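Read through the structure below, which is laid out as structure tokens, and then see the notes.
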Amino acid sequence: MALVSAQTPASGATEPLSGLFSLRDVFVQGFYNIRIVLACVLAGLALGIVGALLSPPQFTADSSLLVLPDPTDVLVPQGPSGPAANDQILRIVQSDVQILQSDPVIEAAIRRIGPEKLADLGGLPFLHHHGARPMADTAERFKKALRVSAEPTSNVVHVSFTASDRNLSAQALEALIAAFGDRRAAMFLDPAYGPQGEELRRYAAQLRGIDGQIQQLGAKNGVIDIAQDTQLANNRLDNLNQRLSQAKERLSAADAELSATSQGVAATPARVFQSQDSTNAIANDDARNTLLRLRQDRAHLAAQYTDKWPGLKEDDAKIAAAEAQMTQNGRDRYLTDRTQRNPVLDQLDSRLSNLKIERQSLAEQIAELGRQIGQAQGRIGQLRDVSGQIHDLQRQRDVTDGIYRQLSVTQAGAALRDQAQGLRDSGFRVIEPPAPPAKPHSLRLTFLIGGLLLGIVLAVVVSGLAMLGRQVFITPGEASRSLRIPNLAHFDARESHFRSPEGRAAVGRFATLLVDTAVDGRLLKVIQIAATEAEDKSDFALELARAIAAEQSQRTLLVDFDSEARYAKMIDKSPAVRTLPAASATLTVARTSTPKLWLALDAGASPFGDPRLPLTEVQASLEAIQPHFDRILIVARKDFSQYAARRLYALADANVLVVRAEKTRAPAARQLKETVLAAGGDILGFVFTFRGYYIPEKLYRWL
């Protein structure tokens, strides 16, 4: 017995333990269906042996041909060694391969050999179809015996022919190569050489005429290079437009300046006041100077003479006259005003004159630029028309030139082919002549290996179909994948006899697992054992209760609704019957010979089995007796779909399913699981009994 894990998932968890088949599962299925596998392998091997016995030795003759393409077939623009030339050569090689395998060549080869020599071609004469078309049948068998191949990077063609006769294989290849040479020489005769020359001359004349039209059109419109002339015309038009925009901008600025200057001239006065003088001096008046001299003379005379000298009196009289004159002059005032022409007006007049001249020149410049722009636009339109005409002529020339080139190439090829009309092998060379093979080869080993592989494939398919159609489980992994619940423990055939020493030891280990398992931090108190078969679950529950009571020293109560009679011998002869209060009812229990193990008497009539009691009283009864026991182990009814059984699934702390190998049906087990979950119960997992080990022990250990 082996436990799946020491810790179980939370209550109600249904996680699968594995998703895909392992190598061990494949071997288990194979050894479980060993008779079917051996029968399929032997059948396939028998077919291989029959095919090997009916397959005679075969002789394969080989030959190699070097395909020589015509020189004109590779005269392409990229040159005779460019990529396009290589593609052309490969296409020619593939064409020759198809000609070799064509019906006319094969029928010609058959006629060269003689159809009667090919009657046994294929190895099994009794399987040949002799209908109304013997040539067609022989050609079909000839094709099957023929192999033609060519490498993608070479122009060498490999040809092989397989026959049961050593000399026939070489003769068939020789006849095939001869028929291929005749067919190829007849196909490559080219009668188009003369008409191609006429067409070539006609297209040459068309090319000369188109070239003359292009030159005449260019000379008429003054075009040397249409692209360069168009670019120069566009550049000139763009330059003129820029100059026109600049002239218009300057004209607008000149108008603004002219208007401002005119307003300034109108607002500026013609003359401006410069200065004003006020004085009492009279022109040519020397009175002040005369008075000063007279006073100087008197002062000098007064120093020389006495005051009574007559000269002093005379000077005094002059001085008085001068003073009187100055007094008279002081009473009269004279004013002087000065004005001149305004200098700003001269500047404004000069600027106004310059602006008028500039505006007139700008107007004439704009008119000239507009005329030149019109000429440039006309030139561009003319070049556009000429470009379209030249483009049409150039397109016609390109088409004509392409046809002319193609005709030149094909005419050269036609000339070369006409020169080689009488040569049968002018297009290929035989590198390796056909020779009879020295040793035959046989398909007997291939038939044997193929028959063996067929038997293995058939065995795999039949074994897979048998597995898909099987309704019982043979391994715990199958049950876990199908039920999607964990496998708590599995028991082999010896351990599944639970009263044997091996069985009791295995159940004891499982009892330890249950006692140590906690769900949501609480140990399992009430555990229910459910199964689709009655015999396994009752025996397993009894031994499990014994192990919990005896080995784990737990007060254990066993409640079995299906097999009460088998427990009669276990009841202790001493007074051991007790009546426990269970809510509104009572439960009668009996002590067994196993210490701390009690059995519920008449479980069907107890509060747990009476379907007439409401669920609340059943739950109250279960809670009432729980203080008297450490573990309560309930064996569910065989008819698990009854309501009396379903309501106990939700009252138990955990439910454990019992699945028996090769007996418990998968649909019934899944229905039991769904019933428990639908009733609100939690499934801890399942135990797998009577497990068989179909793989030999050494191989099983290796897996």
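The table for this structure:
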| item | result |
| --- | --- |
| VAL519 long-range amide H proximity, modeled H, under 5 Å | LEU524 |
| Among GLN228, ALA254, ALA267 - extreme Cα towards positive end, dipole of segment 210-267, charges at beta-carbon | ALA267 |
| Relative contact order computed over segment 584-625 (Cα-Cα under 8 Å; 6+ residues apart), in percent | 33 |
| Gain on full stretching of the segment that runs from ILE449 to ARG484 - 0.36 nm per residue minus C-alpha separation | 8.4 nm |
| Over 24 Å between alpha carbons, listed pairs LYS144/LYS439; LYS596/LYS663; LYS525/LYS673 | LYS596/LYS663 |
| ALA666-GLU140 FRET efficiency (beta carbon distance; Förster radius 51 Å; 0.05 resolution) | 0.45 |
| Estimated FRET transfer efficiency when R0 is 60 angstrom, pair ILE49-ASP211 (beta carbons, to 0.05) | 0.15 |
| Other-chain or far-sequence residues with amide H under 5 Å of PHE428's (modelled H) | LEU68 |
| Residue-level accessible surface for HIS158, protein heavy atoms, 1.4 Å, Å² | 70 |
| Nitroxide proxy distance, nm - points 7 Å out along Cα→Cβ at ARG509 and ALA678 | 3.7 |
| For segment 221-248 and segment 647-689, distance of Cα centres in Å | 97 |
| Segment 291-299 - phi-based ³J(HN,Hα) in whole Hz, Karplus 6.51/-1.76/1.60, Gly and Pro as x | 4, 5, 5, 5, 5, 5, 5, 5, 4 |
| Most to least packed among 663-669, 229-235 [average Cβ atoms within 10 Å] | 663-669, 229-235 |
| Packing rank of 625-633, 98-106, where each peptide gets the mean count of other beta carbons within 10 Å, highest leading | 625-633, 98-106 |
| Reachable lysines from LYS308, criterion Cα separation under 19 angstrom, eight or more residues apart if same chain | LYS318 |
| Estimated inter-spin distance, SER262 and GLU623, nm [label 7 Å along Cα→Cβ] | 11.6 |
| Size of charge dipole - segment 591-703 - debye, nearest 20, with Cβ of Lys, Arg +1 and Asp, Glu -1, no other charges | 580 |
| Overall form of segment 156-271 per C-alpha gyration tensor (a/c, 1.5; a/b vs b/c) | oblate |
| Ranked packing of 614-624, 306-316, most packed first, by mean Cβ within 10 Å | 614-624, 306-316 |
| Contour minus Cα-Cα distance for GLU116 and ALA367 (0.36 nm per residue) | 79.9 nm |
| Label-zone membership for segment 357-379, site SER252, 7 angstrom Cα→C-beta point, backbone N under 12 Å | none |
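The values are calculated or read from the model by the stated rules, or taken from the named source; none is laboratory data. Quantities reported herein were computed from a predicted structural model and do not represent experimental measurements. Counting neighbours? That spans all protein chains shown, and the Cβs are built from the backbone with ideal geometry, glycine included. Only protein heavy atoms, including side chains, enter the accessible area calculation; ligands, DNA and RNA are left aside. Shrake-Rupley method; radii C 1.70, N 1.55, O 1.52, S 1.80 Å.
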